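The values are calculated or read from the model by the stated rules, or taken from the named source; none is laboratory data. This one's a predicted model, so the numbers in the text were calculated from it and none came from an experiment. A quick note on method: Cβ atoms are made from the backbone with ideal geometry, for glycine too, and the neighbour counts reach across all protein chains shown. Remember, those area values only see protein heavy atoms, side chains included, never the ligands or the DNA or RNA. Shrake-Rupley method; radii C 1.70, N 1.55, O 1.52, S 1.80 Å.
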Amino acid sequence: MADLFHKQAEFYVEARPSYPDELFRFISSKTPNRTRVWDVGTGSGQAAVSVSIYSIHFAFCNLINCLVKIFSLTLERFSTQLAQLYERVVATDTSPEQLCFAPKLANVDYRHTPSAMSLADLHRHVASPSTVDLVTVAQALHWFDHAAFYDQVDSVLAKPGGVLAAWCYTLPRVDPSVDAVLRRVYAQSDPFWAPERRKVDDEYRTILFSYDPVEGEETTGPFEFAAERTMDLEAYLTYVRSWSAYQTAKERGVELLTEETVAELERAWGGDGKLVKAIRFPIFLRIGKVKN
């Protein structure tokens, strides 16, 4: 999985959405305790930042640092990360390139991990048995060996009541004209996606999820949310370039964003591409508690 993303790590952090407060309020309402989180496949830290508790002063200083050193963010976008939810987050990923772009926060501990870990290594380097209140997986569960991963989750989740929350987001929605072009590009990208991507297209409805419904719910989902951000056309094209399939196609001599396609997107977008549009990313959450 790491090999699919290390080359476009900067594209990824620039173009991918941050997650909405409503998602994390829903998740946190289902966890009896809010002490420790393991964020798996954290990438550039979008989810890890959102579930952490940190002071407004520290967040503001970190915002200025990110603006200067990493990439441009509006204050409104970053302020959504001020959700005060969990005391400590251990955020792991197999891609050191993506971790380089993760915001540095006082109570988020980023760790580069191998693609496979024994339970002993997990307990040594990530969390001791039965000490984690919540495990989160944002846009990554489809890549995992589910049987092995669930063994790890079960070993670190607190009992009773420990929760696993995993979600994905599908193609963004702009307007009918732009969406039609993107759907065609996505169809052309099909041969270059890893087969695991199908689970995202299925909105995680077919993914193996062997957990009990959380309190107040009859199923494990998927529950639907949406992430929203604004983009001009160049930012939208950066999002497409962040696809692992785009990078794979490029390595094989195929350019998905041809001059003709970009010109068609420019016409659909309007305003010479400078027009800023609202982009909506549909989110699909699976959530469950550890079996007793």
Considering only residues that are farther than 30 Å from THR31 by Cβ and among the acidic types (Asp, Glu), look in the range 176-221 and name the one that is surrounded by the most Cβ atoms within 10 Å (Cβ to Cβ). ASP179
May I ask you to say which residue of ALA187, ALA166, ALA138 is within 26 Å of SER242 (Cα to Cα) and free of Cβ contacts under 8 Å to residues at least 24 places away in the same chain? ALA187
Among the candidates LEU82, LEU73, which residue alone is modelled with pLDDT under 70 and open to solvent by 50 Å² or more (accessible area, probe 1.4 Å)? LEU82
All but one of (1) hydroxyl-bearing (Ser, Thr, Tyr); (2) at pLDDT 95 or above; (3) crowded, with 20+ Cβ neighbours inside 10 Å hold for TYR169; which doesn't? (2)
Just to be sure, is LEU208 more than 30 Å from GLU266 (Cα to Cα), at pLDDT 95 or above and not in a helix (DSSP H, G or I)? no
Give the residue that is farthest from SER95 (Cα to Cα), with candidates limited to residues of the range 125-162 that are of a type in the set (A, V, I, L, M, F, W, C) and assigned to a loop (DSSP other than H, G, I, E, B). ALA158
Residues satisfying the stated conditions in the range 211-229, i.e. in contact (Cβ under 8 Å) with a residue 24 or more places away in the chain, over 30 Å from VAL254 (Cβ atoms) and either small (Gly, Ala, Ser) or assigned to a loop (DSSP other than H, G, I, E, B) (or both): TYR211, PRO213, VAL214, GLU215, GLY216, GLU217, THR220, GLY221, PRO222, ALA226
Search result, residues across the range 125-156 that are at pLDDT below 90 and touching an Asp or Glu at 6+ places or on another chain (Cβ under 8 Å): ALA138, TRP143
Flag if ILE283 is in contact (Cβ under 8 Å) with a residue 12 or more places away in the chain and in contact with a His (Cβ under 7 Å, 6 or more places away or on another chain): no
Only listed residue being open to solvent by less than 40 Å² (accessible area, probe 1.4 Å) and over 25 Å from the mean Cα position of the chain (by Cα), chosen from VAL262, VAL254: VAL262
Subset tally (residues that are in contact with a Gly (Cβ under 8 Å, 6 or more places away or on another chain), farther than 12 Å from VAL40 by Cα and among the hydrophobic types (A, V, I, L, M, F, W, C)) for the range 100-155: 4
When you scan the range 110-117, do you find a residue that is surrounded by fewer than 20 Cβ atoms within 10 Å (Cβ to Cβ), at pLDDT 85 or above and of a type in the set (D, E, K, R), even just one? yes
